Every structure is written in C-alpha cells, then in structure tokens.
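Trainee: Have a look at this one.
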Amino acid sequence: MKPQLIFLGAPGAGKGTQAKLLVDEWGYKHLSTGDLLREEIRKGTPLGRKIEKIVKKGILVDDQIVLQLLQNHCDLKAHNYIFDGFPRRLDQAKALDDIVLKGIYSLAVYFKVESPLLLQRLANRRVCHACGAIYNLKFKPPKEEGVCDFCEGVELTHREDDREDTVRKRLGIFEKRTASIVDYYKKKGNLHELEASLGLEAITLELKKIVNKEG
Ligand code: AMP
C-alpha cells in the first residue's frame, strides 16, 4: 500500500515538479493548496476576491478557508494524494491528521534547499495556467520561448507572488513556521528529509526510494 504523501518545503523547493512525476507514473493525485486557492481566485467569487488580496501580499490565508477547500477536493477512500503546500502552520499539521487523514497511513517528505538557490529558482520559474506545467528559464526552458510545450499557443506566466520582494516575504514566513512542523512529524516518526538542491532526476530517484521503502 502506497502512503499518502505530505510534501514540506519552501516555495521553489521543487515539490510541485516532483509531484507531477509521481502523478504520471504512480497515479497519485496532486493536491496543492496554492493551486486550489488560485483556482478560487480565477472563479472571481467573493471568496476568491478575498483570497486574492491575501495571496498577492505573500501572506497566509486563513486556516479554515484552506482546510475547507482541501476537504472539498479529497476522497481518501478512492485515491492516494500528495499534499503540497499544506500544512504551513503547526495547527494545519494537526488538522490534517485529526480531521482529514484520521489515522490513514501517511509519510511527510521535507525538501531541503538553501534560500539563495530558492530565490534564483523562483525568479526564473514560469508556469502554464492551462495544464500546470512548471518551467525554469535556466534549467528547464520551454521548447519555444514563452509558450507551453503541451498547450498550443498558451503563454507562460510569471506568478505575481514569484517576484523578488514577495518571494523574500514568503521565504521568511516559511522559515519561521517550518521548524515546528518538521519537529511535529519527527516526533510522530514519519518524516523523511530529502536533499532538494540536487538535480531533478537525482531528487526523483531519492523520492522513489523513500516511497518504495515505505509503501
Ligand atoms: P504556493 O503555490 O503553495 O506557493 O502558495 C501560494 C500562496 O497561497 C501562499 O503564499 C499563501 O498565500 C497561499 N497558501 C497556499 N497554501 C496555504 C496554506 N496551507 N495555508 C495558508 N495559505 C496558503
């Protein structure tokens, strides 16, 4: 039985990129709270407008809103999930265990990377809003400049909150809160740490070893 996976790591640590690979190869479902929030913003609902103001500032959205969105989008009886971007606060980690997972077998994977590398990765990150593909102008550029490889004619975007001043704030928030979350999973005994400054393929290999060993 494969574990439910909880990906921990700063913005730009490569969680989303690795998640996509596990989705394609092992049938995991990728549940990114950032993606769910951006989807809500795109819908333009009153809730979406409220969320937009918060996300633009690079600060965290209210726990209850994020938890509700997460619950609306997951069916743990039917699928294996990768939780990406959640938990971001210690209370969210507890809520994930007590309200969502309720004893279902899970594994937390911590993608460790130093801040300077993260800043560089995020400054060069471009995403396709249509299919979610993630590119890096330096390390993984699209075949045609500025356009998604998979969605004909769809232009890639630089997320507004990936701009340097907002990124610095997001990284600051992440560092402040991470230690307690990592500690929480360490005490529970289901934490695996991953050296995420390595190249894409090396990280994938490590990740698969971890999941296979536990699965
Ligand atoms: P991400 O795509 O994971 O980097 O998330 C983008 C933004 O969405 C964050 O900077 C937060 O404003 C918001 N967000 C994502 N996940 C959460 C969460 N678990 N709790 C609160 N806010 C979140």
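Computed from the coordinates by the stated procedures, all read-outs in this text should not be read as laboratory data. Not measured: the values here are computed from a predicted model. Note: ideal-geometry Cβ built from the backbone for every residue, glycine included; neighbour counts use all protein chains shown.
Trainee: Give me the one-decimal Kirkwood hydrodynamic radius in Å for the chain, with the sum taken over alpha-carbon pairs.
Mentor: Numbers: mean 1/r = 0.0563 Å⁻¹.
Averaging 1/r across every pair of different Cα atoms and inverting gives 17.8 Å.
Trainee: What relative contact order, as a whole-number percentage, does region 98-148 give when Cα pairs under 8 Å and 6 or more residues apart are counted?
Mentor: Numbers: 21 pairs, mean separation 10.2, N = 51.
Relative CO of region 98-148 lands at 20 percent.
Trainee: Next up: For region 88-151, compute the orientation-averaged projected area of the C-alpha convex hull (one quarter of its surface), in nm².
Mentor: The number I arrive at for region 88-151 is 6.7 nm².
Trainee: What aspartates and glutamates sit close enough to LYS43 to cross-link, taking a C-alpha to C-alpha distance under 16 Å and skipping anything fewer than 8 places away on the same chain?
Mentor: Cross-link targets: ASP35, GLU52.
Trainee: Return the whole-Å distance between the Cα centroid of region 1-78 and the Cα centroid of region 102-136.
Mentor: After rounding, the separation between the Cα centres reads 11 Å.
Trainee: Going down the list LYS20/LYS213; LYS50/LYS112; LYS15/LYS176; LYS102/LYS187, which pairs span over 23 Å between their C-alpha atoms?
Mentor: Among LYS20/LYS213; LYS50/LYS112; LYS15/LYS176; LYS102/LYS187, the Cα-Cα distance tops 23 Å for LYS50/LYS112.
Trainee: Starting from the Cα of LYS112, move 7 Å in the Cα-to-Cβ direction to define the label point; list residues of region 153-191 whose amide nitrogen is under 20 Å from there.
Mentor: Only 171-191 fall inside the zone, counting backbone N under 20 Å.
Trainee: Can you list, by residue number, the Cys in the chain that have no neighbouring cysteine C-beta under 4.7 Å?
Mentor: CYS74, CYS131
Trainee: How high is the FRET efficiency between ASP24 and ALA123 when r is their beta carbon distance and R₀ equals 30 Å, given to the nearest 0.05?
Mentor: Once the sixth-power term is evaluated, E becomes 0.65.
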